[in-house]
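The values are calculated or read from the model by the stated rules, or taken from the named source; none is laboratory data. Bear in mind the structure is a predicted one, so any value in this text is a computation, not a measurement. Positions of Cβ are generated from backbone atoms using ideal geometry, with glycine treated the same way; all protein chains shown enter the neighbour counts. Surface areas here come from the heavy atoms of the whole protein model, side chains and all, with no ligands, DNA or RNA. Shrake-Rupley method; radii C 1.70, N 1.55, O 1.52, S 1.80 Å.
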Amino acid sequence: ARRENTSNSKFSAMQRDQIENVYRIANHLKNSFAKAGVTVDVVFDTSIENIGQVDAAIEEGNPTIRINPEKVRKDTTYHEFGHIYIDMLGISDPVVAQAISELKGTPLYKQVQEAYPELYGELLDKEVLATAIGLEGAKIVSKEHLIDCLELLVNYLVLTQALQHSLQKKCLLRN
């Protein structure tokens, strides 16, 4: 995930979050991703100028989320994990494509476009969707509900990858 580019979170209208809450959310999300076979490293780094960022995975390394604990907002952790999730599924995944389609033309899309004038096309679409994931994640009150939702999403990813692998294997055997 995120081998081709990086992500930098520059803005959030949400209120600041307490570091204990950020640790808790990050650990839950790391565990959910790990169940799908994806290891995500999370680093708290006051030297970054952004609120948070995803560093591209190098070769066989893990993607790394960097969060500035002095700037972190309630949506930051969900937002950054959202970037990795979007890249795991890919822009052409029906769920991702539908979500992006529904976000186009919304006030949120315009707000993100204004905050990131250097982004356009697919990169802008991904940033808008990650922002929406962050905002929605931050709104979920029940910890158990959030964990259940994320586990369903990760299980979907695992099943999709297993199905693709199985189909590729069958196609190779026929050729």
### Message
So the label point goes 7 Å from the Cα of residue 139 along Cα→C-beta, right? Which residues of the range 91-114 then have their backbone N under 17 Å from it?
### Response
99-112
### Message
At 1.4 Å probe size, with the rest of the protein present, what percent of the exposed accessible area of the range 36-154 is carbon and sulfur atoms?
### Response
54 percent
### Query
For the range 18-46 and the range 53-123, what is the separation of their C-alpha centers, rounded to whole Å?
16 Å
### Message
Accessible area per residue for the range 40-81 in Å², computed with a 1.4 Å probe and the full protein assembly in place, what is it?
### Response
43 Å²
### Message
Let me check I've understood the local charge: for residue 47, count other residues with C-beta under 12 angstrom from its C-beta, Lys and Arg +1, Asp and Glu -1. What total comes out?
### Response
-1
